[in-house]
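So the structure is just underneath, and the comments pick up after that.
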């Protein structure tokens with residue numbers, strides 16, 4: 001049996017725009033290390049930017065956790081964005097294109113869902129939000 005390599009993890013605290021850029025860079029580096037396609041590196045970086053910017057704008061501080069994963073012989077990058085901010089009262093509404101509680105375009109969360117291979121959001125008002133995304137190697 002071939003041993004499965006230990007997962008690589010990175011946790012980036014998110015409280016400012018500089019942290020967003022660091023998380024984006026680390027995610028892109030880890031995706032490249034896994035051998036994800038060049039176009040997928042951009043998708044990963046963009047999705048990280050969107051969820052991390054939401055933390056800065058609505059729920060700071062928070063964190064982005066990056067983790068390599070293996071399932072069924074394929075490798076991927078799992079991105080978990082966590083905060084203990086106000087939470088999202090209506091997740092279904094928040095996942096609709098164009099919905100925003102600020103002056104934004106309302107494309108961050110639904111756009112991130114489209115960019116990634118797997119996307120899940122859990123939120124509780126007054127307790128915070130967790131967004132989990134995965135991009136698999138092709």
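The values are calculated or read from the model by the stated rules, or taken from the named source; none is laboratory data. All figures in this text were calculated on a predicted structure; none of them were measured in a lab. Positions of Cβ are backbone-derived with ideal geometry, glycine not excepted, and every protein chain shown enters the neighbour counts.
So which residues in the range 96-118 are at pLDDT below 85 and over 13 Å from residue 131 (Cα atoms)?
96, 97, 98, 99, 100, 101, 102, 103, 104, 105, 106, 107 - these are the residues of the range 96-118 that are at pLDDT below 85 and over 13 Å from residue 131 (Cα atoms).
Which numbered condition in (1) in a strand (DSSP E or B); (2) touching a helix residue (DSSP H, G or I) at 6+ places or on another chain (Cβ under 6 Å) is the only one that residue 78 fails?
Here residue 78 clears every test but (2).
Pick out the one residue from 64, 69 that is touching a helix residue (DSSP H, G or I) at 6+ places or on another chain (Cβ under 9 Å), in contact (Cβ under 8 Å) with a residue 40 or more places away in the chain and not in a helix (DSSP H, G or I).
64
Out of all the residues in the range 22-45, which are out of contact with any helix residue (DSSP H, G or I) (no Cβ under 6 Å at 6 or more places or on another chain), touching a residue at least 24 places away in the same chain (Cβ under 8 Å) and at negative phi?
26, 30, 33, 34, 36, 37, 40
Which one of these is surrounded by 16 or more Cβ atoms within 10 Å (Cβ to Cβ), out of contact with any strand residue (DSSP E or B) (no Cβ under 7 Å at 6 or more places or on another chain) and not in a strand (DSSP E or B): 50, 29, 6?
Selected residue: 50, the only one of 50, 29, 6 that is surrounded by 16 or more Cβ atoms within 10 Å (Cβ to Cβ), out of contact with any strand residue (DSSP E or B) (no Cβ under 7 Å at 6 or more places or on another chain) and not in a strand (DSSP E or B).
Any idea which of (1) at positive phi; (2) in contact with a strand residue (DSSP E or B) (Cβ under 7 Å, 6 or more places away or on another chain) is the one residue 73 doesn't satisfy?
Answer for residue 73: the failing condition is (2).
If you go through the range 9-20, how many residues are more than 16 Å from residue 111 (Cβ to Cβ) and either assigned to a loop (DSSP other than H, G, I, E, B) or in contact with a helix residue (DSSP H, G or I) (Cβ under 8 Å, 6 or more places away or on another chain) (or both)?
8
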